[in-house]
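Notes to accompany the following structure.
Please treat every number below as a calculation from the coordinates, not as lab data. Keep in mind that this is a model prediction, so the values were computed, not measured. Ideal geometry is used to build each Cβ from the backbone, glycine not excepted, and the neighbour counts take in all protein chains shown.
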Amino acid sequence: MKGLRSQVKNLKTLLNYDMLYGAQNYKPLPVVLNRGKGVYVYDVNDKKYFDFLSSYSSVNQGHCHPRLVETMKEQCQQLTLCSRAFHNDKLSLFYKYIHDTFKYDKCLPMNTGVEACETAIKLARLWGYKTKKIAHNKAEHVFPLNNFWGRSIAACSSSTDPSCFTHFGPFLNGFHFVEYDNVEQLELIFKNNPNICSYMMEPIQGEAGIIIPKSSYLHDVRKLCNKYNVLLICDEVQTGLGRTGSLLCSQPFTKKHTTVIPDMIVLGKALTGGMIPMSCVLANNHIMDNIEPGSHGSTYGGNPLASAIAIEAVDIIKDEELLQNATKYGSLFRDTIHDNFIKRGLIKNVRGKGLLNAIEFNTPEMADIFVTRLMENGVLTKITRDKTVRMCPPLTLSSSEYQESMDIIVKTLQNI
């Protein structure tokens, strides 16, 4: 190990180790990072970058937030993991905190977003058999086209992206697809299949390219789910916890004086601010009480370290007014790009909500050039779909940091 430490700043050597000894399931930019603070990350040669990917919205609170670091230090000296054969104090406090914050009866903690989404599907099937009285092994689910919630076999089975499912079959039965933001098509499939127990959707489709539905969409979906006795599951792993300017992205997509309450909410990523994996499913008792001891579990799910950090992570979003930050700087970002480039026809589109934003170029080649030039100029991000680049900094962005990063982005666009 001593010999390896001497090579930690040799970029070429590190990239070579990655290629030789690591599975090539990602295609990262040729930059090797070794530390982060706030909205910045630093490479092994101490070059500073703005992080406009935020670990796919996992570090909404910024890199290594001092409150999270201190919470981790304190809890690491007390208890990090104990079997779920026993209670632990931090998990009990986490349950109460999440209940008080999101107003769902119960919470089921897991580790990753894909695990939590799988859990939601299992809960929907339990409800389908025990409450809706669907015949044994006949429960079915509906997903929108271009959804993304992970790469497990169930996630591959519910994907319409060839890069996700090619060569990974055979797939699970009972998964159906509808166009996103198409309530007529959704009602048709509900009407023709009484065995459907859930519709799982992202309030904004992230990996598909930051696709935003009509403002009435979620309200109309809720009405259809009520009408046909189908559970509405909102996958807020990426959109939740402040990214779009509210704790839950599904909250603002409502008609006046009407609140849309999904039957289940799935949270992850920013739930622990990038410090440790944690996710959870929120649901009320008529769904969650169907689960019995031994029917679902996770060795690390609900561990005391993650539970303690999660409480602090959500508190930071509230205390530091990060929701307001996301709304303010997200709107400024879209206005700046629109006024300087859309009107002149230099790029195709800019869209988003809060600090979940995307720039869509006219060609994939232009998007690729933009990402590479941005990296050279000190801003890191990545293409999310074809010719669309995700622009999602931590929510802790200050006024000066916003202006400095926007100057880089604008100059990079002007020079392409």
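Over all pairs of distinct alpha carbons, what does the Kirkwood formula give as the hydrodynamic radius of the stretch 1-79, in Å? Before the final figure, lay out each step's value.
On the way: mean 1/r = 0.0678 Å⁻¹.
Roughly 14.7 Å, rounded to one decimal.
The stretch between residue 372 and residue 96 holds 94.8 nm of extra length on full extension. This uses 0.36 nm per residue minus the Cα-Cα distance. For the peptides 284-290, 322-328, residues were scored by their other Cβ atoms within 10 Å and the scores averaged per peptide; the highest-first order is 322-328, 284-290.
When the helix-only estimate is applied to the chain (DSSP H runs of n ≥ 4, each -39,500 (n - 2.57), divided by the residue count), what is the mean residue ellipticity at 222 nm, nearest 500 deg cm²/dmol?
Details: 15 runs with 159 residues, N = 416.
It comes out at -11500 deg cm²/dmol, rounded to the nearest 500.
For the stretch 37-130, applying the loop criterion from DSSP together with a ceiling of 15 other beta carbons within 10 Å to the chymotrypsin sites (Phe, Trp or Tyr not before Pro) yields 86. On the beta carbon distance between residue 331 and residue 362, with R0 = 35 Å, the FRET formula returns roughly 0.90. Measuring nothing but alpha carbons in the chain and taking Rh as the Kirkwood radius, the Rg to Rh ratio lands at 0.97. Selection among 247, 270, 296 by position relative to the dipole of the stretch 66-319 gives 296 as farthest towards the positive end (Cβ unit charges, Cα centre).
Highest-first packing order for the peptide set 329-338, 262-271, 242-251 is 262-271, 242-251, 329-338, based on the mean count of other beta carbon atoms within 10 Å. If R0 is 56 Å, the Cβ-Cβ spacing of residue 67 and residue 193 corresponds to a FRET efficiency of close to 0.70. With 0.36 nm allotted per residue and the present C-alpha distance subtracted, the residue 184-residue 16 stretch has 55.3 nm of extension available.
With +1 on each Lys and Arg Cβ and -1 on each Asp and Glu Cβ, how big is the dipole of the stretch 66-319 about its Cα centre, in debye rounded to the nearest 20? Provide the component values of the computation, followed by the final result.
Details: 24 positive and 24 negative charges, 111 e Å.
The calculation lands at about 540 debye.
When the chain is treated as a GNM, springs tying every alpha-carbon pair under 10 Å, which of 215, 158, 307 comes out with the largest mean-square fluctuation? It is 215. Any chance you could list P(r) for the stretch 373-416, counting all Cα-Cα pairs in 5 angstrom bins from zero, rounded to whole %? Over the stretch 373-416, the share of Cα pairs per 5 Å bin runs 5, 20, 28, 28, 14, 5, 0 percent. Between residue 42 and residue 78, the modelled labels are 3.1 nm apart [label points 7 Å from Cα along Cα→Cβ]. Between residue 229 and residue 26, the contour length at 0.36 nm per residue exceeds the alpha carbon distance by 69.1 nm. A simple spin-label model places pseudo-atoms 7 Å from Cα toward Cβ; at residue 414 and residue 289 they are separated by 6.3 nm. Here the Karplus relation 6.51 cos²θ - 1.76 cosθ + 1.60, evaluated at θ = phi - 60°, turns the backbone of the stretch 390-397 into coupling constants of 7, 10, 9, x, x, 6, 7, 3 Hz, with x for every Gly and Pro.
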